[in-house]
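Okay, so here's the structure we're looking at.
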Ligand SMILES: [Ca+2]
């Protein structure tokens, strides 16, 4: 590889291929297998493209897409955690992710490493409108896969085998901080759970 | 679901989940399994973010990302084809994809259906700078996975079991129209193949 800058970028992109082997705790909508973090990231970026109108006016959707494409890369070194994991596990996860981020982004040319690190940190900090909207999509997507039904009646299978203790109340409690500031998305999420409750795949 | 517009968009997004079940002919970099089209689309959008500097000045990288996130969705109805497939199979594929696109995008609200159809058509037509750069990344990515090695020596396994007849000459011939107009990427692709040839995983 003659150009060391491009060689470093391609090395980074090849290392990122490992995100396809990071298994999430959410199943695909058809229940056939667990989702991986790479296809999850694609789904979130597609959601940003499709649901842009529910973000506050002035939200930079290109930045939302950037954040979503990059936000899970640190799982290559650290793995994924369920959103209901204990606080201690979440703290350990945070330290592992910071280390993973440093290692992974260091593969890039210096200025670009700083740029990608900043994207990850912006997503994690959840202060900017872009990070908040990205985070809301990240909270909504597994709910769609787990309890959502398509118009033709597919899906809505629930996640009974993995987390039988989940209830509508518990899910709403855990999702509120990410979703409630986007009223239409929050209403859709609530509705989704109520329908799943009626269908008997989650307890109230 | 109270808001029919949002309900339609969520139905579309849930249907798009099926892209995760569309298997490509390329293996992951570690050779462990075939790649699916959803994680492939994520990888391409990440490449756009990382390799933006190799696009001509003025290329709209947000549009490149949009094109890449959407470009494979039509495979949900039509499946993926290897880039070396016969012309007849490629023609049939084109008709199947047009039908799949019409069906899938019709799930969206009307104006948005037109917008997504336009993205797909722009990618397919390969006339705009954005579509041409997106197409180049789409051509380069499977080469990276198949013949690329990370700096720590992982990968570069080749694709001998599926397409033993592939040679460096044949790959270059097939990739030239997508890649040659981006000199640094084209040079990297050539270099990659020459190294794979030296390693004995592809014939000259
Ligand atoms: Ca995660």
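The values are calculated or read from the model by the stated rules, or taken from the named source; none is laboratory data. Note that the structure is predicted; figures quoted are calculated from it, not measured. For neighbour counting, all protein chains shown are included, and Cβ atoms are generated from backbone atoms with ideal geometry for every residue, glycine included.
Selection within the range B:21-41: residues that are part of a helix (DSSP H, G or I) and out of contact with any strand residue (DSSP E or B) (no Cβ under 8 Å at 6 or more places or on another chain). The member of this set that is surrounded by the most Cβ atoms within 10 Å (Cβ to Cβ) is B:38.
Any residue at all in the range A:154-176 that is crowded, with 16+ Cβ neighbours inside 10 Å, under 14 Å from the mean Cα position of the chain (by Cα) and either in contact (Cβ under 8 Å) with a residue 24 or more places away in the chain or part of a loop (DSSP other than H, G, I, E, B) (or both)? So far as the range A:154-176 goes, yes, one or more of its residues are crowded, with 16+ Cβ neighbours inside 10 Å, under 14 Å from the mean Cα position of the chain (by Cα) and either in contact (Cβ under 8 Å) with a residue 24 or more places away in the chain or part of a loop (DSSP other than H, G, I, E, B) (or both). Of everything listed in (1) part of a helix (DSSP H, G or I); (2) at the interface with chain B (Cβ under 9 Å from one of its Cβ atoms); (3) within 15 Å of the ligand (Cβ to nearest atom); (4) touching a residue at least 40 places away in the same chain (Cβ under 8 Å), the single unmet condition for residue A:135 is (2). With the condition kept exactly as written, say whether any residue in the range B:77-86 is free of Cβ contacts under 8 Å to residues at least 40 places away in the same chain, within 11 Å of another protein chain (Cβ to nearest Cβ) and out of contact with any strand residue (DSSP E or B) (no Cβ under 9 Å at 6 or more places or on another chain). Checking the range B:77-86: not a single residue is free of Cβ contacts under 8 Å to residues at least 40 places away in the same chain, within 11 Å of another protein chain (Cβ to nearest Cβ) and out of contact with any strand residue (DSSP E or B) (no Cβ under 9 Å at 6 or more places or on another chain). Residue-level check: of (1) without any contact (Cβ under 8 Å) to a residue 60 or more places away in the chain; (2) within 24 Å of residue A:51 (Cα to Cα), residue A:197 misses just (2). Restricting to the range A:138-165, what's the tally of residues that are more than 16 Å from the ligand (Cβ to nearest atom) and either under 24 Å from residue B:16 (Cβ atoms) or touching a strand residue (DSSP E or B) at 6+ places or on another chain (Cβ under 8 Å) (or both)? So the answer is 12.
Scanning the range A:31-62 for residues that are under 15 Å from the mean Cα position of the chain (by Cα), more than 19 Å from residue B:11 (Cα to Cα) and in contact (Cβ under 8 Å) with a residue 12 or more places away in the chain yields A:36, A:37, A:38. Evaluating residue A:65 against the criteria (1) without any contact (Cβ under 8 Å) to a residue 24 or more places away in the chain; (2) more than 22 Å from residue B:13 (Cα to Cα) leaves one unmet condition, (2).
Of the residues making up the range A:42-65, not a single one is buried (at least 20 other Cβ atoms within 10 Å of the Cβ), assigned to a helix (DSSP H, G or I), more than 9 Å from chain B (Cβ to nearest Cβ) and at pLDDT below 95. Of the residues making up the range A:68-127, those that are away from the ligand (no atom under 12 Å from the Cβ), in a loop (DSSP other than H, G, I, E, B) and surrounded by fewer than 18 Cβ atoms within 10 Å (Cβ to Cβ) number 6. Of all residues in the range A:22-41, those satisfying the criterion of being within 10 Å of chain B (Cβ to nearest Cβ) and within 15 Å of the ligand (Cβ to nearest atom) are A:35, A:36, A:37, A:38, A:39, A:40, A:41.
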